[in-house]
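The values are calculated or read from the model by the stated rules, or taken from the named source; none is laboratory data. From a predicted model like this one, the values you see are computed outputs, not experimental measurements. Here the Cβ positions follow ideal geometry from the backbone for every residue, glycine too, while neighbour counts run over all protein chains shown.
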Amino acid sequence: METKKKQKNFDNFTGSPFDEDGVSVYTDGCCFYNGKSRARAGIGVYWGKDHPDNISDDLPGRPTNNRAEIHAAIKAINLAKNKGIKNLILHTDSQFLINGITKWIDGWKKRDWKQSAGKPVINKEDFVELDEAIKEINVKWVYVKGHSGDPGNDAADALARNAISAYCKMTVDYSIHTIEEAVKLFQASNDKYADIILHRYETMKAACTTDKKPDNLKIILLEGLDASGKSTIAETLKSFNFEMIVYKTPPNTVGQYRAHFDQQSDTLFRRSYYLITNYIAHYELCFLATVLSPKKLVVVMDRFYLSTITYGHTEEFRDIASPQDINIEWPEDLIKPDVIIYAKCEKKDRDERLTARNEKMTKEERQLIENRDYENFLSESYRHFLDYIDLPVITVNTSENLDVKAILGTELPKDIL
């Protein structure tokens, strides 16, 4: 019976090649904002825990995911050759890299570096360099599924990401834009729906006699993931005070344009819609409290600024930063709620509620069902932002058999009820 030999890394490499088993290495590449002008790519090469030859580098030249994957492999191969290694077992999560160097490259060469459809091979220079690198070394290419819990792949991925982590944090800070920046972006867009949003914003801003929250306005903000039970809590709240009004954001006056902005490819343009409609909500509620309802006005808000930043940051930054890397401040010129009720539930309950709804799912709702990483980052972002914002928070788990009315009756500030 033949005994299978273990793959080796060269933690204790002394300069002599290992036997025919070869030396194992993991490579990975990443690109933040792939395909955009502010893209930045990094490469990771992992030989072993705390190994001195582990590599975490910024990728020079054109930043793309595919180039990063190719050049991570080139780095590993060249280093192995310099160490005298003859047999290298290279693990990568890039099928493009493996197929390119093992299946497609011969055809590209025969067609003068053109694809079968006649188009030029975009990564010609990269594969030429890789093809040269694999000379005088035996490389066994091993595919490993990315983000599947493989320790070597996870370590290589972390090295690639760490290479540009400082850039990530700079980008996170840069991308938190103000209402003034959002308005300027809409003004320059030549988008007719952006003009409608701006008209409503300017109209309500001019109609308000104060920018500050009126003393008679009390706001209970409902937040949480989709299908977490916010509507049920809203109905419970109305049983305390039938004069409470439920107010959704984006407001009904501009909510019909949401689909148009959701389908835009420019992330900042999409986020600007939600930020500007937050301020429309601010002015509408201030107008309602000061002009139309001089007595105490209790408003149950279904989502507000917290949702805007949580969903926006999850969409844009979950591949480049953790929620803890993102520091936020509630804008000084935006009304603050008196209390936040954060609704949460078990995943199976949320999935059942979303599936049972007799309406087309949004992109975010589909991701909550299909993408666990998305759901986890969104939940972590909510928890981080709720801790970071200095406001009273009541957390209600709607999956538990709790007396929600009794909880709210006990914990809500008495001046609201």
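Is it the case that VAL300 is exposed (fewer than 14 other Cβ atoms within 10 Å of the Cβ), closer than 28 Å to GLU180 by Cα and of a type in the set (A, V, I, L, M, F, W, C)? Before the answer, list the steps.
Numbers: exposed (fewer than 14 other Cβ atoms within 10 Å of the Cβ): no; closer than 28 Å to GLU180 by Cα: yes; of a type in the set (A, V, I, L, M, F, W, C): yes.
In short, no.
So if I check each of ILE122, ILE98, ILE105, which one is touching a Ser or Thr at 6+ places or on another chain (Cβ under 8 Å) and free of Cβ contacts under 8 Å to residues at least 60 places away in the same chain? First the steps, then the outcome.
Values: ILE122 fails: touching a Ser or Thr at 6+ places or on another chain (Cβ under 8 Å); ILE105 fails: touching a Ser or Thr at 6+ places or on another chain (Cβ under 8 Å).
The match here is ILE98.
Out of LYS218, LYS213, LYS205, I need the residue that is in the same structural domain as LEU378 (by TED's automatic domain parsing) and part of a loop (DSSP other than H, G, I, E, B). Which one?
On the way: LYS218 fails: part of a loop (DSSP other than H, G, I, E, B); LYS205 fails: part of a loop (DSSP other than H, G, I, E, B).
From the options LYS218, LYS213, LYS205, the qualifying one is LYS213.
Residue by residue through region 247-283, note down the ones that are β-branched (Val, Ile, Thr) and in a helix (DSSP H, G or I). Explain how you work it out, then say what you get.
Residues of region 247-283 that are β-branched (Val, Ile, Thr), as a first pass: 249, 253-254, 267, 276-277, 280.
Of everything in region 247-283, those that are β-branched (Val, Ile, Thr) and in a helix (DSSP H, G or I) turn out to be THR267, ILE276, THR277, ILE280.
Scanning region 129-169 for residues that are polar (S, T, N, Q) and surrounded by fewer than 16 Cβ atoms within 10 Å (Cβ to Cβ), which turns out modelled with the lowest pLDDT?
First, the residues of region 129-169 that are polar (S, T, N, Q): 138, 148, 153, 162, 165.
Imposing the further condition that a residue be surrounded by fewer than 16 Cβ atoms within 10 Å (Cβ to Cβ) reduces the set to 138, 148, 162.
Working: ASN138: 96, SER148: 84, ASN162: 88.
Filtering first and then ranking leaves SER148.
Yes or no: region 278-292 includes at least one residue that is out of contact with any strand residue (DSSP E or B) (no Cβ under 8 Å at 6 or more places or on another chain) and surrounded by fewer than 15 Cβ atoms within 10 Å (Cβ to Cβ).
Within region 278-292, one or more residues are out of contact with any strand residue (DSSP E or B) (no Cβ under 8 Å at 6 or more places or on another chain) and surrounded by fewer than 15 Cβ atoms within 10 Å (Cβ to Cβ).
Yes or no: LEU391 assigned by TED's automatic domain parsing to the domain that holds GLN263, closer than 30 Å to VAL298 by Cβ and out of contact with any Pro (no Cβ under 7 Å at 6 or more places or on another chain)?
Numbers: assigned by TED's automatic domain parsing to the domain that holds GLN263: yes; closer than 30 Å to VAL298 by Cβ: yes; out of contact with any Pro (no Cβ under 7 Å at 6 or more places or on another chain): no.
The answer is no for LEU391.
Scan region 378-397 and tell me whether some residue there is modelled with pLDDT under 85, aliphatic (A, V, I, L, M) and touching a strand residue (DSSP E or B) at 6+ places or on another chain (Cβ under 7 Å).
The answer is no; no qualifying residue exists.
Taking the conditions exactly as written (on the phi < 0 side of the Ramachandran plot and under 21 Å from the mean Cα position of the chain (by Cα)), does ILE369 satisfy them or not?
Working: on the phi < 0 side of the Ramachandran plot: yes; under 21 Å from the mean Cα position of the chain (by Cα): yes.
Yes: the conditions hold for ILE369.
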